[in-house]
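S.K.: Handing you this structure, nothing more for now.
The values are calculated or read from the model by the stated rules, or taken from the named source; none is laboratory data. A quick note: this is a predicted structure, and the numbers were derived from the prediction, not measured. We place every Cβ from the backbone using ideal geometry, glycine too, and count neighbours over all the protein chains shown. These area figures cover heavy atoms from the full protein model, side chains too; ligands, DNA and RNA do not enter into them. Shrake-Rupley method; radii C 1.70, N 1.55, O 1.52, S 1.80 Å.
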Amino acid sequence: MSFMHYLTGLSREKLTLKLYSCTEQDVERALQNPQGSLDSLLALLSPAAEPYLEQMAQASGYITRQRFGANIGMYLPLYLSNLCANECDYCGFSMSHRIKRKTLNIDELTAEMSVIKSMGYDSILLVSGEHETKVGIDYFSSVLPSVKAHFSYVAMEVQPLQEVEYSKLVGLGLDAVMIYQETYNPQTYAKHHTRGNKQDFEYRLTTPERIARSGVDKIGLGVLFGLDDWRLDALLLGHHLGYLESHFWRTRYSVSLPRLRPCTGGITPKVELSDKGLVQLICAFRLFNHQVEISLSTREPAGLRDHLFGLGITQLSAGSSTQPGGYLKPNTQLDQFEISDDRSPLEVCAAMRAKGFNPVWKDWESAWI
Ligand code: SF4
């Protein structure tokens, strides 16, 4: 049974009712036994858990330290291209936006990698818009060996691919794939994705299964919070994570919890996830799953990011650019979305150390396994 069948078998109405009718007793029970329990995750994401935020934060921080120490992995996105054949109304790369389009050639990519290496990074996230014909498997296959020669850990966040294509990229050095469902509500999904292959909700939803079968080391899941009810989307993300872990236990997992940011022609959030809500979300996930990596991007403002270090976050980017070629030659006309925390990696690492955390630039070497 694929996760599509699993999801279809869940009643959104019943889950919503349960989320909004949770009691203090449900939350207290969940705090006693949060690990691996979807019922506990539901209670911890509910409005009834809000008065327990301090208790959740302390438990989440403790578990994170036990499992990951005081270490936070540093990674950086490298945008390969802003070409896109989809229309997503929250994204600056949507095909109808009249922005300058660019795909890095091998010389431009090498120049970007040199700048990123000089910042200290050894873990890279390759990002592109979704353009099957111009930035597809042939392009990825041609650039990956060169990227792998520069970085120990290589992740990708591009369009969903076929299993055989993922296998090919794993053979060329790919370590991780990030694939965000954006929302688990099919109706809301259809409303925000109006043109292109990304309209296919089921194909996207089953992508992590194809990735896992290809033998990739790590899969990153995520939701774009703001498109729909964040509590229900987060709960279904937990269901997805639990499903994948039970079916593909050799794979490692990470989750990203991005909030909608302003972009060219973008929309405002339908359901705002407040800072307090984001804290609740991070803590609920950490209590539910002690092993999962939780990453935080520069979408969030500096002050908030500094407070979130100790709560459950294990991966962080700093000094990011969301445009192809943006590390060497910044050009805001090519941006995917606005960055909130624009501090340099050195400044972010100093803030991290001041709070007793260690930035980790390298924790992976394929030859070790
Ligand atoms: S979210 Fe992805 S698929 Fe949608 S427009 Fe942006 S780059 Fe393209």
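S.K.: A 27 angstrom limit on the alpha carbon distance is what I want to check against. Which of Lys198/Lys329; Lys117/Lys329; Lys148/Lys218; Lys198/Lys362; Lys218/Lys270 exceed it? Don't skip to the answer; put the middle values down first.
M.R.: Details: Lys198/Lys329 30 Å; Lys117/Lys329 16 Å; Lys148/Lys218 16 Å; Lys198/Lys362 33 Å; Lys218/Lys270 31 Å.
Over 27 Å Cα-Cα: Lys198/Lys329; Lys198/Lys362; Lys218/Lys270.
S.K.: What chymotrypsin sites (Phe, Trp or Tyr not before Pro) does the stretch 218-306 have in DSSP loop regions with at most 11 other beta carbons within 10 Å? Each step should come with its number before you reach the end.
M.R.: On the way: sites: Phe225, Trp230, Tyr243, Phe248, Trp249, Tyr253, Phe285, Phe288; in loops: Phe248, Trp249.
In loop regions of the stretch 218-306 (DSSP not H, G, I, E or B), the sparsely surrounded chymotrypsin sites (Phe, Trp or Tyr not before Pro) are Trp249.
S.K.: Right, next: For the chain, find the longest principal axis of its Cα atoms and tell me its angle to the long axis of helix 106-118, 0 to 90°, nearest 10.
M.R.: 50 degrees
S.K.: Now a separate question. What is the local net charge at Leu278, summed over the other residues whose Cβ is closer than 11 Å to its Cβ (Lys, Arg +1; Asp, Glu -1)? Can you show the working numbers first?
M.R.: Working: positive: Arg259, Lys276, Arg299, Arg305; negative: Glu272, Asp275, Glu300.
Counting the neighbours of Leu278, the net charge comes to +1.
S.K.: Can you list the residues of the stretch 62-90 with backbone N under 18 Å from a point 7 Å past the Cα of Ile106, pointing along Cα to Cβ?
M.R.: 80-81
S.K.: Give the accessible surface of the chain per residue, rounded to a whole number of Å², with probe radius 1.4 Å and ligands, DNA and RNA excluded. Please list the in-between numbers first.
M.R.: Working: 15290 Å² over 369 residues.
On a per-residue basis, the chain sits at 41 Å².
S.K.: Charges at C-beta only: +1 for Lys and Arg, -1 for Asp and Glu. How large is the resulting dipole of the stretch 269-308 about its Cα centre, in Debye rounded to 20? All intermediate terms of the calculation are to be shown ahead of the outcome.
M.R.: On the way: 5 positive and 5 negative charges, 18 e Å.
So the magnitude is around 80 debye.
S.K.: Going by alpha carbons, how many degrees (0 to 90, nearest 10) lie between the helix axis of 230-247 and the longest principal axis of the chain?
M.R.: Relative to the chain, helix 230-247 is tipped by roughly 80 degrees.
S.K.: Round to the nearest 0.05 the FRET efficiency obtained for Gln199 and Ala70 when R0 = 51 Å and r is the Cβ-Cβ distance.
M.R.: Values: r = 43 Å, r/R0 = 0.85.
Using R0 = 51 Å, I get an efficiency of 0.70.
S.K.: Stick to the Cα atoms of the chain, pair each with every other, and give me the Kirkwood hydrodynamic radius in Å at one decimal.
M.R.: Here the Kirkwood hydrodynamic radius works out to 20.8 Å.
S.K.: Return the long-range amide H neighbours of Met178 (sequence gap of 5 or more, or a different chain), with a cut-off of under 5 Å between placed amide H atoms.
M.R.: Met156, Glu157, Val158, Gly220
S.K.: Tell me what the chain gives for mean residue ellipticity at 222 nm when only DSSP H runs of n ≥ 4 count, each as -39,500 (n - 2.57), the sum divided by the residue total, rounded to 500 deg cm²/dmol.
M.R.: Numbers: 15 runs with 152 residues, N = 369.
One gets -12000 deg cm²/dmol as the mean residue ellipticity at 222 nm.
S.K.: Students often forget the sequence filter, so: which aspartates and glutamates lie under 14 Å Cα-Cα from Lys191 once same-chain residues fewer than 8 apart are removed?
M.R.: List returned: Glu87, Asp89, Glu182, Asp200, Asp228.
S.K.: Quick check: residue separation of Asn331 and Lys355 times 0.36 nm, minus the Cα distance between them. What number comes out in nm?
M.R.: Details: separation 24, 0.36 × 24 = 8.64 nm, distance 3.34 nm.
That works out to 5.3 nm of additional length.
S.K.: Something else now. Show Tyr139, Tyr166 ordered by accessible area, largest first, where the area counts protein heavy atoms only and the probe is 1.4 Å. List each step's numbers first, then the result.
M.R.: Numbers: Tyr139 35, Tyr166 5 Å².
These residues rank, largest area first, as Tyr139, Tyr166.
S.K.: Report the trypsin sites (Lys or Arg not before Pro) located in the stretch 99-203 that are in a DSSP loop and have at most 15 other Cβ atoms inside 10 Å of their Cβ, or state none.
M.R.: Of the trypsin sites (Lys or Arg not before Pro), the ones in loops of the stretch 99-203 whose Cβ has at most 15 other Cβ atoms within 10 Å are Lys100, Lys134.
S.K.: Can you give the FRET efficiency to the nearest 0.05 for Thr133 and Arg250, using r as the Cβ-Cβ distance and R₀ = 35 Å?
M.R.: Numbers: r = 33 Å, r/R0 = 0.94.
My answer for the efficiency is 0.60.
S.K.: Continuing with this model, one more query. Which order do Thr206, Thr23, Thr183 take by accessible area at a 1.4 Å probe, largest first?
M.R.: On the way: Thr206 25, Thr23 55, Thr183 0 Å².
Sorted descending by solvent-accessible area, the residues read Thr23, Thr206, Thr183.
S.K.: I'd like the trypsin sites (Lys or Arg not before Pro) in the stretch 237-331 restricted to DSSP loop residues with at most 13 other Cβ atoms within 10 Å, sorted by number. Before the final figure, lay out the partial values.
M.R.: Numbers: sites: Arg250, Arg252, Arg259, Lys270, Lys276, Arg286, Arg299, Arg305; in loops: Arg250, Lys270, Arg299.
Loop-located and lightly packed - Arg250.
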